[in-house]
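**Q** Next up is a structure, given as structure tokens.
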Amino acid sequence: MADSILRVSDIHKSFGALKASDGITLDLRQGEIHALIGPNGAGKSTLIKQIAGGLRPDSGSVTFLDQDVTRHSVAERARLGLARTFQISALAMDLTVLENAVLGAIGQRGSVFSFFRPAMKNAGLLSQARAALAQVGLEEDEATITAELSHGQRRQLEVAVALTLAPKAFLMDEPMAGMGAEGSKALTRFLQELKHQAPILLVEHDMDAIFACADRISVLVYGKIIATGSVDDIRANPDVRTAYLGEEDAA
Amino acid sequence: MSTILLIEQILNGLQFGVMLFLMAAGLTLIFGVMGLINLAHGSLYMIGAFAAAAVAGWSGNFLLALIASLIAAAIFGVIVEMTVIRRLYKRDHLDQVLATFALILIFSEATRWTFGSFPLFLDIPAVLKGTVILPGGIEYSLYRLTIILIGLAVALGLYLLISKTRVGMRIRAGENDREMIGALGVDISVLYTMVFALGAALAGLSGALVGAIQSVEVGMGEPVLILAFVVIVIGGIGSIRGALAGAILVGLTDTLGRTLLPVLFSSFMDGSAATTVGSALASMLIYILMAGVLIFKPTGLFGSA
Amino acid sequence: MIREGTLNIVILCLLVAVPAYAYVMNEPFTITLATRAVIFALAGVGLNLALGQGGLVSFGHAAYFGMGGYAMGILASHAQNYDPIFDGAFLIEGTNSMPVIWVVAVVSSALLALLIGALSLRTSGVYFIMVTLAFGQMFYYFAISWPAYGGEDGLSIYVRNQFPGLNTLDPIQFFGICFAILCLVLLFVDRLNKSPFGLALNGAHQNEERARTVGINVYKLRLVAFVISGAITGLAGALFADLNRFVSPTMFSWAISGEIMIFIILGGVARLFGPVVGAAVYILLEHFLGGLSDYWFIYLGAILLGMVLFAKGGIIGKLAKKETHHGG
Ligand SMILES: Nc1ncnc2c1ncn2[C@@H]1O[C@H](COP(=O)(O)OP(=O)(O)OP(=O)(O)O)[C@@H](O)[C@H]1O
Ligand SMILES: [Mg+2]
């Protein structure tokens, strides 16, 4: 597929007898939100980890920007522009909001090994970090210590750090978890704009949010994708209804 | 080198390894169950040796001395666990290292204060003096052979304890899931104290057994502690089986290296230089072994990823 | 509570005032004590970069301290015996010039840290502690069993090495040299901590996963920090050897690694001046408690234990708030 930015081909991963990924193939195309849904323990986070590089698949491949990155480390993939947010916030809690964002800019620019100019006086790094904070609406809080942020603000900061990476694709693992109705509505709107900047592979349990913003949905059950399609396709798919939406009794 | 001498060295290596196992088993068990790194384990080794030397000096009975070493180390273990160690389970490794390092300072100085700076001597009991003839006509120290047997018996005992008993089941549950064991209705703090005391007793026993071959002195515990760390890194942390394999490997490598390397080097160097290079290299051999394991299997031979 | 920056200046002033007073009162022994404190502080500043900023609990920094010491011992002993170190295709001679010795000490301990770090950083957590401790011990045994440079007995150097334009045998001048080096290194480490490198190192300490996901090669980052850390401690080792005019395998022993760590804990982990305060307090304790009792390590142990259990943050943590340096 010409416009597919990210492609996962026939990925297998087992933990002992448990097949967490059982031949998964999917792709992420320019300009879309591709939602990945599935019951708890279906293997969604495990798949995201393999795409991001934190976990090596037993077999299969990951292609990003027409490059086989299956053997690339997390850091190498990130430098190519694969940005990720975590199911459980992973931030440097004792640093300020701005410092966390600057950390992203340092990684993106590959300026880790510059030893003398203070990072927090480097105009380039600062403007890159502040632009990302402004985009998620955290610019007022840049001096706050991250540990003091509310849960929702941390989720925003996760996205902001991802934005500093000049991303070519986003992997987001439950960005709306614990956000509250208002917050998750706002984030949904935000993601709909963000997808034009870079496509988003979105793992989410909030079905309203997904039906509102996803362009395509893939359903993962027991390590297998049982259906991929538009919102309407998925809503209408009887397999999905029995396997996931849990409506076999109602049908 | 004659075969007989080689076999004797292999047995010495085995004896050394078995003794390291007694140390490493306790350390690895404590780490596996409580997630604690205990630098003061060497102090418990020293306490065992001093208790044995003191009791042997007073009663003249070696068996009594061994029992004293077990009891003294276990008692100190319980006291330390209840006053200091249990405050450390939830702390990070740096705090654990520092607090247990502080315990080393306290124990070492307190021992020096009690017993003085001169080494004590613990005699091998009369019944275990001398040598035995092994199959194949090899003459070997009866006492060292006894250490090997005791060590292997302890290994077997630990294996049975952990895989076959209720306490062992709880220990395994504790290793896998600290929350779950609470749900089982086990009083965790009692279990932790027991495990710590068990590890302490093993260290004490090992100190007493070695005390009869070497001298009993302040500071005797830390070199052994560091060797036990090497054993654990090689074997894989938290694994008793790994501790046994690592201990034997380290014991054999060190002992044989010290005998064989100078001989090996003398085949292409002149005598005194060969001895120098050979023995300097031999003193580094187990660390080189450890480096090799780190390169090929950073989680240790029996460790899980 | 006072500002950490103000406190640091007070500390530096005290560190100069004590030997200056001793110089006026003609008490060379006190100057030597102050010199020891400065050298220990330097060793601690080195370790603090790895341990405080990087979260790398190295229990083997005696290896670099000893390496620096032996760099001095070997170069100076060849110089004093007029015996070249290597005489073959080319000639390497010993030297008694401090600057040359420092360069050799820094380079050799950096190389050693590169080797040990490259292996140890493949592990993390408790493994890292045990592995660094073990590698440190390896050099201790090596130094004991290698007879060329004194083996177990160590090496004595009869005359202190030279620094152009100064009389290094004069305690106050030697103190001046050590103090100047400490100040330069503090300046260097301060800049390092604030640089992108330092921020990345700190970020990776707080959340390794985060550092990776922004594209930072955490292994390489830590290895570089570890090498710089080892090099600084190695420089301290060379000065320590020069202070005593003696090196022995004891410089490699695990107890030295523990002591360097104590300086940091007493003063305050990840504080620029933590090891400076810690080393000074350590020397004071050693001097006064050691005068009271032969068994002063009991008290030291009790103090250390108390600090770990009840007073995290060290002395600087009690006196000053943590400075946050954001945007400007
Ligand atoms: N490192 C691991 N070792 C063993 N099993 C694992 C590991 N990681 C995940 N699993 C198992 O793999 C399965 C899939 O887990 P995963 O976290 O990918 O699910 P998920 O779809 O993200 O669930 P959730 O919706 O709850 O986040 C689960 O049964 C989990 O227990
Ligand atoms: Mg998940």
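**Q** Roughly how far apart, in whole Å, are the Cα centres of the stretch A:126-158 and the stretch C:229-298?
**A** 42
**Q** Keeping all protein chains in position, work out how much accessible area C:Ser257 exposes to a 1.4 Å probe, and write it in Å² to the nearest 10.
**A** Rounded to the nearest 10, the figure is 0 Å².
**Q** Taking chain A as a Gaussian network, Cα atoms linked when under 10 Å apart, which of A:Ala17, A:Ala143, A:Ala131 shows the biggest mean-square fluctuation?
**A** It is A:Ala17.
**Q** Just how much of C:Cys13 is accessible, in Å², when a 1.4 Å probe is used and the result is rounded to the nearest 10?
**A** Result for C:Cys13: roughly 80 Å² accessible.
**Q** By how many degrees, between 0 and 90 and to the nearest 10, does the Cα long axis of helix B:271-296 differ from the longest principal axis of chain B?
**A** 30
**Q** Where in chain C are the helices, taken as whole DSSP H runs, whose Cα atoms extend 24 angstrom or more along the long axis and whose Kyte-Doolittle mean reaches at least 0.0?
**A** Qualifying helices: C:4-24, C:28-48, C:62-80, C:98-120, C:125-145, C:171-194, C:218-244, C:274-292.
**Q** For a paramagnetic label modelled at 7 Å from the Cα of A:Ala212 toward its Cβ, which residues of the stretch A:154-184 fall within the zone defined by backbone nitrogen distances under 15 Å?
**A** A:175-184
**Q** So what is the relative contact order for chain C, in percent, with contacts set as C-alpha pairs under 8 Å and at least six apart?
**A** Dividing the mean separation by the residue count of chain C yields 34 percent.
**Q** If you don't mind, another one. Please list A:Arg29, A:Arg56 from largest to smallest accessible area, probe radius 1.4 Å, with all protein chains kept in place.
**A** A:Arg56, A:Arg29
**Q** Would you mind giving the mean number of other chain beta-carbons within 10 Å of the Cβ of each residue in C:292-305, as a whole number?
**A** 5
**Q** Let me ask something else. Give me the residues in the stretch A:78-93 whose solvent-accessible area, probe 1.4 Å, is reduced by at least 20 Å² once all protein chains are included instead of the chain isolated.
**A** Those residues are A:Ala78, A:Arg79, A:Arg84, A:Phe86, A:Ala90, A:Leu91, A:Ala92.
**Q** At 1.4 Å probe size, with no ligands or nucleic acids counted, give the accessible surface of C:Ile315 in Å², nearest ten.
**A** 50
**Q** What is the spin-label model distance, in nm, from C:Phe86 to C:Ile2 if the labels are put 7 Å beyond Cα along the C-beta direction?
**A** 5.1
**Q** Further, regarding this structure: May I ask for the angle, rounded to the nearest 10°, between helix B:62-83 and the longest principal axis of chain B, with both axes built from Cα atoms and the value confined to 0 to 90°?
**A** Once rounded, one gets 40 degrees.
**Q** Follow-up question, since we're still on this one. Please identify the longest segment of chain C free of exposed chymotrypsin sites (Phe, Trp or Tyr not before Pro), where exposed means a DSSP state other than H, G, I, E or B and no more than 14 other Cβ atoms within 10 Å.
**A** Looking at chain C, C:159-328 is the longest stretch - no exposed chymotrypsin sites (Phe, Trp or Tyr not before Pro) with at most 14 other Cβ atoms within 10 Å.
**Q** Can you tell which of C:Val247, C:Ile315, C:Gly278 lies farthest toward the positive end of the dipole of the stretch C:2-321, using +1 and -1 charges on the Cβ of basic and acidic side chains (Lys, Arg; Asp, Glu)?
**A** About the Cα centre, the residue reaching furthest to the positive side is C:Ile315.
**Q** What percentage of the solvent-accessible surface of the stretch A:95-144, computed with a 1.4 Å probe over protein heavy atoms, is contributed by carbon and sulfur atoms?
**A** Answer for the stretch A:95-144 is 54 percent, counting heavy atoms of protein chains only.
**Q** Return the average number of partner chain Cβ atoms within 10 angstrom of each residue Cβ along peptide B:226-238.
**A** If you average over the peptide's residues, the count of other-chain Cβ atoms is 4.
**Q** Here is a follow-up. Percent relative contact order of the stretch A:138-251, based on C-alpha pairs within less than 8 angstrom and at least six residues apart?
**A** 17
**Q** Taking the alpha-carbon centroid of each part, what is the distance from the stretch C:101-153 to the stretch C:174-211 in angstrom?
**A** 22
**Q** While we're here: So, in Å, what gap is there between the alpha-carbon centers of the stretch B:1-79 and the stretch B:123-138?
**A** Distance between centres, Cα-based: 21 Å.
**Q** A follow-up question, please. Once you charge only the Cβ atoms, +1 for Lys and Arg and -1 for Asp and Glu, what is the size of the charge dipole of the protein assembly as shown about its Cα centre, to the nearest 20 debye?
**A** Here the protein assembly as shown has a charge dipole of around 180 debye.
**Q** Loop by DSSP (not H, G, I, E, B), at most 13 other beta-carbon atoms within 10 Å: where is the longest site-free stretch of chain B for trypsin sites (Lys or Arg not before Pro)?
**A** Between the exposed loop sites, the longest stretch runs B:130-305.
**Q** Amide H neighbours of C:Ile85 under 5 Å, counting only residues 5+ apart in sequence or on other chains, H built in-plane at 1.01 Å?
**A** Residues meeting the amide H criterion: C:Ile92, C:Glu93, C:Gly94.
**Q** Another one. Below 8 Å between Cα atoms, with a sequence gap of 6+, how large is the relative contact order for the stretch C:231-327 in percent?
**A** 26
**Q** Still on this structure, I have one more. Mind checking which of B:Gly257, B:Gly271, B:Gly157 has the largest fluctuation in a GNM of chain B, springs on alpha carbons under 10 Å?
**A** So, out of B:Gly257, B:Gly271, B:Gly157, the one fluctuating most is B:Gly271.
**Q** Here's another thing I want to ask about it. Compute the angle between helix B:93-115 and the longest alpha-carbon principal axis of chain B, please, reported from 0 to 90 degrees and rounded to the nearest 10.
**A** Long axis of B:93-115 versus the principal axis of chain B: about 70 degrees.
**Q** Moving on. Between C:Ala148 and A:Asp58, how high is the FRET efficiency from 1/(1 + (r/R0)^6) when r is the Cβ-Cβ distance and R₀ = 41 Å? Nearest 0.05.
**A** Once rounded, the FRET efficiency stands at 0.20.
**Q** Can you tell me what percent of all Cα-Cα pairs in the stretch A:95-144 are more than 18 Å apart?
**A** Cα-Cα pairs in the stretch A:95-144 separated by more than 18 Å: 22 percent.
**Q** Still on this model: Please report how many Lys pairs in chain A have alpha carbons closer than 20 angstrom, counting only residues at least 8 apart along the chain or sitting on separate chains.
**A** So the count works out to 11.
**Q** Using only the heavy atoms of the protein chains and a 1.4 Å probe, how would A:Glu32, B:Glu217, B:Glu139, A:Glu148 rank by accessible area, largest first?
**A** A:Glu148, B:Glu139, B:Glu217, A:Glu32
The values are calculated or read from the model by the stated rules, or taken from the named source; none is laboratory data. Note that the coordinates shown come from a computational prediction; the quantities given were computed from them, not determined experimentally. Neighbour counts are summed over all protein chains in view; Cβ atoms, including those assigned to glycine, are modelled from backbone coordinates with ideal geometry. What goes into the accessible areas is simple: the full protein's heavy atoms, side chains included, and nothing from ligands, DNA or RNA. Shrake-Rupley method; radii C 1.70, N 1.55, O 1.52, S 1.80 Å.
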